[in-house]
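Below is one structure, written out as structure tokens; comments come after it.
Throughout, read-outs are computed from the coordinates displayed, never taken from laboratory work. Please read these numbers as outputs of a predicted model, since none were measured by experiment. Neighbour counts are summed over all protein chains in view; Cβ atoms, including those assigned to glycine, are modelled from backbone coordinates with ideal geometry.
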Amino acid sequence: MIKKIQEILNIPELKRKVLFTLSLLIVYRIGGHITTPGVDASVLTGFFAGKQGTILGLYDLFAGGNLEKATIFALGIMPYISASIILQLFQAVVPYFEKLAKEGEEGRKKITQYTRYGTVILAVVQSSAIAIFLESLQGVGGELAVASPGWAFRFITVLTLTSGTVFVMWLGEQITERGIGNGISLIITIGIIARYPIDLLNTYRAVSIGQMSPFKLLILAAIMVAVVAGIIFVTQGQRRIPVQYAKRVVGRKIYGGQASHIPLGVNIAGVIPIIFAQSIIMFPGTIAAFFQGFAFMQSVALILTPGHIVYVVLYSTIIIFFCYFYTAIVMNPVDVAENMKKSGGFIPGIRPGKRTAEFIDRVMTRITLPGAFFLAFIAVLPDIMISKANVPFYFGGTGLLIVVGVMLDTLRQLESHLLMRHYEGFTKHGRLRGRR
């Protein structure tokens, strides 16, 4: 690994990209320590102490802990992610956006522009809600989170948080264009990784005071390695459908005739199903936190507590449903079969057109099932480990999937730069598993 790092530093262009990426990530982390004007962050930290299982806790995960600290990046990149998901759904149901998606580079530029507009609108709405929420928040001793509430505070908060979101979005786009890896994904990842030192410290304290035995720690470490290996395996798992292109004679030249394949991923939907499922199942708990006097809401929140059998079954079912739902949106077998037919391609043994679409749909249905069950397992794993094994940190779930997926994608890009310059990649054979 040290040798590969030296090779990266020996390539001026790649070195410049890596240093540029690291510098912008450092800027993002510095902004994560600047508190929003007029807010007592200690009061907000105390409020978030028991909100890991609510929508606010999920939002704070993607914000890199900035919401809990009421920093200028409190909204993080979530408005951009929400706008991107909304635009992606529009491409499947709204003809105008569907047409834009098929117009190539110009269409993508338009969609990106609409995504930015949507990000600003969502940021203004969400920052307004946060400003009102901060004004009503009180600590255990009755201290207020905002010393001087009013329209002036709301205006400054909306302006600060919206500007922070736009700046974070700009950082992500700059990393994608001039750095290494996907900028938005790296920003989310660096926020998640920033929590790991605290988790390691909590684990050390648990072992030192006898709350966790060394043997149990070894077993836990083995489980963690196995889970990470499983995530890598499923993330890169593919079912490759062979495609043959017919030969075409143009003048005296023959075109086509080559063989290719359609790579269908085991987990096409990524972490989106878990995000949707978490938003739905955490909603009752979030509502119950604001309405303490309603017995019915408290009983529902108790049943949907992480680790409860009803919570585990319902949560897993919702994830499996959204895996199929989102896969059907992002991967349309009819469009794939139609495009293949137009370019003269066909699957050996399958008739082009409707039969090809049915075959692709059948394959997708089968390979999505194990991926959906694995996602459900990874999602409920941290809750089971915390409630049943008294693990002092949160391992698994959305955060781990994002970190592993982003790291693999970044390694692929680094590997491509090294291989273009006749260096070996990060693995013994010069390729990450699943690449050809």
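Taking Cβ atoms as reference points and 15 Å as the exclusive limit, the residues near THR162 contribute a net charge of +2, counting Lys and Arg as +1 and Asp and Glu as -1.
Average 1/r across all pairs of distinct alpha carbons in the stretch 84-152, invert it, and you get the Kirkwood radius: 14.8 Å.
Each Cα pair under 8 Å and six or more residues apart adds its sequence gap; the mean of these over the residue count of the stretch 15-193 is a relative contact order of 31 percent.
For THR112 and SER299, what is the calculated FRET efficiency with R₀ set at 56 Å and r taken between the beta-carbons, to the nearest 0.05? Efficiency computed from Cβ-Cβ geometry: 0.80.
Extension gain for GLU177 to THR317 (0.36 nm times residue separation, less C-alpha to C-alpha distance): 46.6 nm.
Local charge sum around THR71 (other residues, Cβ-Cβ under 12 Å, Lys/Arg +1, Asp/Glu -1)?
0
Pair-distance distribution P(r) for the stretch 188-240, from all Cα-Cα distances in 10 Å bins starting at 0: 20, 35, 31, 11, 3, 0 percent.
For ALA226 and ILE121, the difference between the fully extended length at 0.36 nm per residue and the C-alpha to C-alpha distance is 33.6 nm. For MET364, neighbours were defined as the other residues whose beta-carbon sits under 14 Å from its Cβ, and their charges (Lys and Arg +1, Asp and Glu -1) total +1.
Arrange the peptides 110-117, 156-163, 210-217 so that the one whose residues have, on average, the most other Cβ atoms within 10 Å appears first.
156-163, 110-117, 210-217
For the stretch 15-193, the equivalent ellipsoid derived from the alpha-carbon gyration tensor has semi-axes of 31, 20, 14 Å in decreasing order.
Volume per residue for the stretch 145-239 equals 182 cubic angstrom (convex hull of Cα atoms). Computed from the Cβ-Cβ distance with R0 of 56 Å, the FRET efficiency linking ILE26 to ARG351 stands at 0.50.
Our coupling estimate for the stretch 208-215, obtained by passing each phi through the Karplus curve with A = 6.51, B = -1.76, C = 1.60 and θ = phi - 60°, is 5, 8, x, 5, 10, 7, x, 5 Hz, Gly and Pro reported as x.
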